[in-house]
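Down below is the structure, laid out as structure tokens.
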Ligand code: NDP
């Protein structure tokens with residue numbers, strides 16, 4: 001094990017992780033950040049971000065994350081490639097294993113590993129991701145205003161996003177694999193009463209059509225096997241998210257879906273010195289700006305913990 005004890009080890013490099021790094025670095029905590037599996041996080045698969053304050057003309061997701069990174073680096077964050085593959089929070093200092101082969105010791109750990117959208121798993125979905133395929137209606141719906149789009153899923157997220165899209169788009173097809181929805185009654189009612197939303201029951205996506213951009217969807221009826229095509233320019237997947245929390249679950253309190261629990265009004269977890277911010281602990285808002293906000297909180301919580309424990 002490396003003999004150095006890191007004052008503030010940040011795992012994850014989305015808006016939460018970088019904001020934590022900026023605050024921690026400016027507070028003199030000499031943060032070390034491991035960027036994780038998807039450096040820059042979910043925003044790196046978004047085209048334009050138009051709802052993050054401070055960018056009046058909008059900015060593309062990867063560029064925004066480069067800006068976050070540059071700002072974190074400017075104040076001395078040690079940004080490293082590597083994936084946290086295990087932790088041992090049973091004693092102090094806290095231990096985090098990187099890439100299965102390097103174990104680091106840290107006084108505080110900020111978990112900012114985010115969440116990942118679940119995808120259908122089609123090749124066409126991966127190929128057209130960012131070119132009509134999206135897992136975030138709030139992020140990307142605006143680009144399809146006045147156009148016809150489709151959304152897959154039948155939970156509260158899908159209903160909420162279908163309703164959101166119906167405000168912008170000329171028509172929203174909601175593709176549902178069963179003959180009923182999982183969403184709460186009130187959300188279902190909202191969707192069913194919206195004249196711009198057409199529900200297509202008992203159907204799964206057979207293929208997303210288009211070479212450079214989405215041009216339509218081929219659906220398969222799960223009962224008859226019949227194939228039909230609908231022309232759409234946007235295809236939204238809303239079949240749930242999963243928090244990237246597996247390696248922490250033995251130590252950190254979490255809900256049944258694996259979202260880490262924090263003490264309300266803070267980023268503190270049940271383990272002293274371990275803080276969680278961003279989507280890994282937020283199943284509700286999931287926005288870059290809310291993630292950044294909790295990243296700031298995590299750095300302040302870490303700093304206060306170090307002061308309270310007289311760790312210099
Ligand atoms: P859910 O897990 O609740 O729903 C996922 C939906 O996607 C289900 O309808 C499921 O279908 C469908 N699905 C899953 N896999 C596939 C697939 N391969 N092909 C087609 N459809 C698929 O996820 P949500 O993100 O909707 O919600 C997560 C949690 O957040 C829930 O507890 C929800 O209540 C909550 N939430 C609350 C909101 C609010 O109250 N305002 C807003 C958003 C979320 P099936 O039903 O057939 O399994």
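So here's what we get for this one:
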| item | result |
| --- | --- |
| Normalised contact order of region 1-146, rounded percent, pairs of Cα under 8 Å and 6 or more residues apart | 31 |
| Top of 114, 130, 265 by mean-square fluctuation, Gaussian network on the chain, Cα under 10 Å | 265 |
| Gained length - residue 127 relative to residue 57, 0.36 nm times residue gap less alpha-carbon distance | 22.5 nm |
| Residues in region 272-312 that a label on residue 263 would reach, taking backbone N under 12 Å of a point 7 Å out along Cα→Cβ | 272-275, 301-302, 305 |
| Percent RCO, i.e. relative contact order, over region 119-237, from Cα pairs under 8 Å lying at least 6 residues apart | 31 |
| Packing-based order for 267-275, 147-155, using average beta carbon neighbours within 10 Å, highest first | 147-155, 267-275 |
| Centre separation in Å (Cα based) which lies between region 185-212 and region 65-116 | 40 |
| Fewest-first sequence of 18, 164, 23 by Cβ atoms within 10 Å of each Cβ | 164, 23, 18 |
| Taking 75, 89, 68 and counting other C-beta atoms within 10 Å, the order from fewest to most | 75, 89, 68 |
| Length-normalised contact order of the chain in % [C-alpha pairs under 8 Å, at least 6 apart] | 21 |
| Estimated FRET transfer efficiency when R0 is 41 angstrom, pair residue 182-residue 90 (beta carbons, to 0.05) | 0.60 |
| Ellipticity estimate at 222 nm from DSSP helix runs (n ≥ 4, -39,500 (n - 2.57)) divided over the chain, nearest 500 | -7000 deg cm²/dmol |
| Amide N of region 94-134 lying under 20 Å from the label point, which is placed 7 angstrom from the Cα of residue 222 along Cα→Cβ | 118-123, 125 |
| Cα shape, region 119-237, gyration tensor, a/c 1.5 rule | oblate |
| Residues 232, 307, 280, 204, sorted so that the one with the fewest Cβ neighbours within 10 Å comes first | 307, 204, 232, 280 |
| Cα centroid separation - region 1-40 against region 129-145, whole Å | 30 |
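Rule-based calculations on the coordinates, nothing more; no lab input. Given the structure is predicted, the values throughout are model-derived calculations rather than measurements. Because the Cβ atoms are built from the backbone with ideal geometry, glycine has one as well, and the counts that use them run over all protein chains shown.
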